[in-house]
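Accompanying notes for the structure given below.
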Amino acid sequence: MIVIKIGGSEGIDYEAVCGDVAQLVREGQRVVLVHGGSHLTNQVALALGHPPQFVTSPSGYTSRLTDRATLEIFEMVYCGQVNKNIVERLQRRGVNAVGLSGLDGRLWQGSRKAVIKVVENGRTRLIRDNLTGRVEQVNTALLTGLLHNGFVPVLTPPAISYDGEAMNVDGDRAAAATAVALGATELLILSNVPGLLRHFPDESSLIRQLAADEIESVAQSHAQGRMRIKLLGAQEALQGGVRHVILGDARGERPVLRALDGVGTVIG
Amino acid sequence: MNNFECPECGGGVAVGTAVLPGEILECPDCGVELEVISTHPLQLELAPEVAEDWGE
């Protein structure tokens, strides 16, 4: 079982990713796809006159500030355009893909963070009514039922709170939770960089191998921005029993197969 | 600058005039975190404990 997270940044080659997934499925591999959609969400939010806002936590993690209007734009893009686009590409290749958000069938359930702490211009403050949270439970019965019947699940945030509210969750960590819940052997986290870079954005400084116990120190010393959350997701996956996490490049040809061959940053 | 009494230890907390609603201040005596509930009138309360979590 392989869980593949495809990022939503600019430059992702969905066509190439779907081509590889189709090949893996033809070879009998069980695959679950998780995707993002951040770049397109930013564009649509701007076009709709509701520009995206990002906040930084005290320990340096950035995330999207999510009010109700932002969440609805997020759903339009993630659950709508991006999810159905991937499903269509897979269906065109003979893969019986099913697109689901974390809301559907309470696929990804967890606690909503009603209050978050952020740092702005060196000042710490609390923001309330933010619609974000973290996946704590995965509906494995739903996923294994789909997989058992030959479907390929294509999953996307938002998730659902225990109170039934939609909430924005980090896709990398949701993918990690899914990989752990399904007992996946590999988690691929593909984005628009070759992997973890020692000197971002110098792509020749790729770190090719990382032990699980090195993640925390490397996250502090080398990872910036969203890469730090990817490493957190990698750590959670490995702690949950996933054998390897590979941070790979989703630009260009054969992105999934290259990552499975160890091209990128192999962790664990 | 306003002086406010820490609800935890009773020590003095100096509060600048440019504080924002929701801003977190630290009591210099006991180190507890205080949230600015309102600026007019100035009102501080013990800040809730917030673990870090992130959306997309």
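Computed from point charges on the beta carbon alone (+1 for Lys and Arg, -1 for Asp and Glu), the dipole magnitude for region B:2-46 about its Cα centre is near 160 Debye. Counted by Cβ distance under 11 Å from A:LEU231, the other residues give a net charge of 0, where Lys and Arg count +1 and Asp and Glu count -1. Cross-link partners for A:LYS84 among the lysines, with Cα-Cα distance under 24 Å and sequence neighbours closer than 8 places in the same chain left out: A:LYS5.
Positive end of the dipole of the protein assembly as shown (Cβ unit charges, origin at the Cα centre): among A:ILE246, A:VAL118, A:SER59, the Cα lying farthest that way belongs to A:ILE246. Look at the stretch B:16-27: the mean tally of other chain Cβ atoms within 10 Å of its residues' Cβ atoms is 3.
Residues A:CYS79, A:CYS18, B:CYS9, arranged from fewest to most other Cβ atoms within 10 angstrom of their Cβ, appear as B:CYS9, A:CYS79, A:CYS18.
With a 10 Å cut-off around each Cβ of A:97-108, the average count of Cβ atoms from other chains is 0. With contacts taken as Cα pairs under 8 Å at a separation of at least 6 residues, chain A carries a relative contact order of 23 percent. Residue by residue along A:120-133, Cβ atoms of other protein chains within 10 Å of the local Cβ number 4 on average.
Going by neighbour counts of Cβ atoms within 10 Å, the residues A:THR178, A:THR70, B:THR39, A:THR156 line up, fewest first, as B:THR39, A:THR70, A:THR178, A:THR156.
For chain A, modelled as a GNM whose springs connect Cα atoms under 10 angstrom apart, the maximal fluctuation among A:ALA47, A:ALA166, A:ALA219 occurs at A:ALA47. If one computes the Cα centroid of region A:163-233 and of region A:45-77, what distance in Å separates the two points? The distance from the Cα centre of region A:163-233 to that of region A:45-77 comes to 20 Å.
Using the rule -39500 (n - 2.57) for each DSSP H run of four or more residues, divided by the residues of chain A, the 222 nm mean residue ellipticity is -9500 deg cm²/dmol. The label-point distance for A:ARG243 and A:ARG198, in a model that sets each label 7 Å from Cα toward Cβ, rounds to 2.9 nm. Amide H contacts under 5 Å for A:GLY37: A:GLY8, restricted to partners 5 or more places along the chain or on a different chain, H placed in the peptide plane at 1.01 Å from N. Here region A:1-150 is treated with +1 on each Lys and Arg Cβ and -1 on each Asp and Glu Cβ, and its dipole about the Cα centre works out to around 420 debye. Per-residue Cβ neighbour counts within 10 Å put A:TYR61, A:TYR78, A:TYR162 in the sequence A:TYR162, A:TYR61, A:TYR78, beginning with the fewest. Charge dipole (Cα centre; +1 on Lys/Arg Cβ, -1 on Asp/Glu Cβ; no other charges) of the protein assembly as shown amounts to roughly 1220 debye. Between A:GLU216 and A:THR144, the simple label model (points 7 Å from Cα in the Cβ direction) yields a spacing of 3.3 nm.
Taken together, the values in this text are just the output of simple stated rules run on the coordinates, not laboratory data. Predicted model only: the values in this text are computed from it and were never measured. Positions of Cβ are backbone-derived with ideal geometry, glycine not excepted, and every protein chain shown enters the neighbour counts.
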